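These notes are about the structure you will find just below.
The values are calculated or read from the model by the stated rules, or taken from the named source; none is laboratory data. Treat the numbers as computed from the prediction; the structure is a model and nothing was measured. For neighbour counting, all protein chains shown are included, and Cβ atoms are generated from backbone atoms with ideal geometry for every residue, glycine included. We work out accessible area using only protein heavy atoms, side chains counted, and drop any ligands, DNA or RNA first. Shrake-Rupley method; radii C 1.70, N 1.55, O 1.52, S 1.80 Å.
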Amino acid sequence: AGNCLQTRGEEATHDALVVVTGAALSTALTITTEASTGALDANEYADGFAIVDTTPGEGYQYHVLSHPAVAASSNGILTLYPDDAIQVALTTSSRVTLQFSIYSKVIQFPVTTATGTCPGVAVYPVAAAEYGWIQTRGVCGVLIAGTPAAGAMVTPVGAVAGAASIFSSTLQVIGTMCETGRDTKICAVALNLP
């Protein structure tokens, strides 16, 4: 409890995938996976997004409901949420990048270089492969590294895994201190995450 969490790391082989078909107003988007390590596990991107990064359709993003397992170098269908049908017909010139749900398979934020972003803070211990609740907004007890001042912005990268510390201009802001931080203690932070 009180630990900053990190999203899953980016899967670069699921960037700029070729679109096979994506008819306007359809909730079926057919893509081709990359060779060798480009396979998709069943529902790996459920509740995530397919973001169109190359025209036609550039700039649109679609909420993924489900998809089957898809082998590398194969075509697979992403089923979109019914209220998020394709707005602009996609062609084989279109490319989509897949984005995991930021709340799926989170880990304790590491001390080393971040490989993802902070979607929230654990409000109780959650074991691996279990569902759990995380807090994204409002006053929350957060593990602190160092002694950031009251009102200081904090980031999830600290000297201790899962701890927040004083903000650095190159890192994600997760909120502001409600009190002066105490090193290695749980302190009040006003979270402001998506």
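Annotation note: Cβ proximity below 8 Å between a residue of the stretch 6-29 that is under 17 Å from residue 65 (Cα atoms) and a residue that is in a helix (DSSP H, G or I) (sequence gap 6+ or interchain) occurs for 27/82; 27/84. Of 103, 131, all but one fail to be of a type in the set (Ser, Thr, Tyr), out of contact with any Phe, Trp or Tyr (no Cβ under 6 Å at 6 or more places or on another chain), open to solvent by 50 Å² or more (accessible area, probe 1.4 Å) and more than 30 Å from residue 58 (Cα to Cα); the exception is 131. Residue-level analysis places residue 54 outside the set of residues that are touching a Leu at 6+ places or on another chain (Cβ under 9 Å) and either surrounded by 14 or more Cβ atoms within 10 Å (Cβ to Cβ) or not polar (S, T, N, Q) (or both).
So which of 37, 27, 7 ends up being open to solvent by 40 Å² or more (accessible area, probe 1.4 Å), among the hydroxyl-bearing types (Ser, Thr, Tyr) and in contact with a Phe, Trp or Tyr (Cβ under 9 Å, 6 or more places away or on another chain)?
Details: 37 fails: in contact with a Phe, Trp or Tyr (Cβ under 9 Å, 6 or more places away or on another chain); 7 fails: open to solvent by 40 Å² or more (accessible area, probe 1.4 Å).
Going through 37, 27, 7 in turn, the sole match is 27.
Summed over the stretch 154-187, residues that are surrounded by fewer than 16 Cβ atoms within 10 Å (Cβ to Cβ) and of a type in the set (Gly, Ala, Ser) total 3.
Which residue, of 40, 5, 25, is under 22 Å from the mean Cα position of the chain (by Cα), farther than 28 Å from residue 155 by Cα and at pLDDT 95 or above?
Details: 5 fails: farther than 28 Å from residue 155 by Cα; 25 fails: under 22 Å from the mean Cα position of the chain (by Cα).
Of 40, 5, 25, the one residue that is under 22 Å from the mean Cα position of the chain (by Cα), farther than 28 Å from residue 155 by Cα and at pLDDT 95 or above is 40.
Just the residues that are in contact with a strand residue (DSSP E or B) (Cβ under 6 Å, 6 or more places away or on another chain), assigned to a loop (DSSP other than H, G, I, E, B) and open to solvent by 20 Å² or more (accessible area, probe 1.4 Å), please, taken from the stretch 75-100. If the condition is that a residue be in contact with a strand residue (DSSP E or B) (Cβ under 6 Å, 6 or more places away or on another chain), assigned to a loop (DSSP other than H, G, I, E, B) and open to solvent by 20 Å² or more (accessible area, probe 1.4 Å), then 81 is the only one that fits.
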